[in-house]
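Scroll down for the structure; my scribbles are underneath it.
The values are calculated or read from the model by the stated rules, or taken from the named source; none is laboratory data. The structure displayed is predicted, hence computed values, not measured ones. Please note: Cβ atoms are built from the backbone with ideal geometry, for glycine as well, and neighbour counts cover all protein chains shown. Ligands, DNA and RNA are stripped out before the accessible areas are found, and what is left, the full protein with its side chains, is counted by its heavy atoms. Shrake-Rupley method; radii C 1.70, N 1.55, O 1.52, S 1.80 Å.
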Amino acid sequence: MNDADLNTDATDRQLLQRMAAGDRAALATLYRNYHGRLCRFLSRQTRRPEVIEEVINDCFWIAWQKAGDFRGDSRVSTWIMGIAYRCGLKALRQHGEEPVEDNIPEDRIPADDPDEDRIMRDWLSKGLERLSHDQRVVVELVYGEGHTLDDVAAIMQCPVGTVKARLFHARVKLRNVLPALAERTVTFKEQAP
């Protein structure tokens, strides 16, 4: 962890301590700090904004209730992502799993050429759709959120070896499927008026 990560985690730990004492302002601060990150993460699991908001609310309700139980074995961000992951799985069971599509608003993603950026996101999104749910979550947590393999194992409550295997198989699948998807994307772009 770099200095910024250490400072963020120290701040998050203080917020959890304040939450454990009943400080609603601390909950509001932690919610604001993590809302966008959790939206991006959960949008890889479902395309339904109402389910994403439900999961985030459930996640922070649990964090509010369990703030005093946080043992400090991991970073606070890992703990919160773990709660969100498990709440997301529960919501998918309740609401049914549907295909994933990229839901990040255009204005939240910087790009030199918005059309190229959109095409790249669509291409990657189609590749990620080819992965199993667990593989997609591992890829998102490692590459999208920057978590370590140990963090991902804690979030998903599985051994590090399982995380490594899922990541390995996801990379192999993406390496095999992305070139074909890229050819289709280029073909469609060339045919466009």
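Computed values, structure above
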quantity	calculated
Some residue of region 36-47 being of a type in the set (A, V, I, L, M) and over 25 Å from L92 (Cβ atoms)	no
Members of region 121-139 found to be surrounded by fewer than 18 Cβ atoms within 10 Å (Cβ to Cβ) and not in a helix (DSSP H, G or I), listed by number	R130, S132
Hits in region 170-186 (condition: at pLDDT 90 or above and over 19 Å from the mean Cα position of the chain (by Cα))	V172, K173
Helices (runs of 4 or more DSSP H) (entirely within region 1-100) containing at least 3 residues that are closer than 16 Å to G146 by Cα and open to solvent by 70 Å² or more (accessible area, probe 1.4 Å)	3-20
Residues of region 151-179 satisfying the condition of being touching a residue at least 40 places away in the same chain (Cβ under 8 Å) and either surrounded by fewer than 14 Cβ atoms within 10 Å (Cβ to Cβ) or not aliphatic (A, V, I, L, M) (or both)	D151, Q157, K173
Any hit, region 141-148, residues being among the hydroxyl-bearing types (S, T, Y) and assigned to a helix (DSSP H, G or I)	yes
Selection count where residues are modelled with pLDDT of 90 or more, surrounded by 14 or more Cβ atoms within 10 Å (Cβ to Cβ) and of a type in the set (D, E), scope region 140-150	0
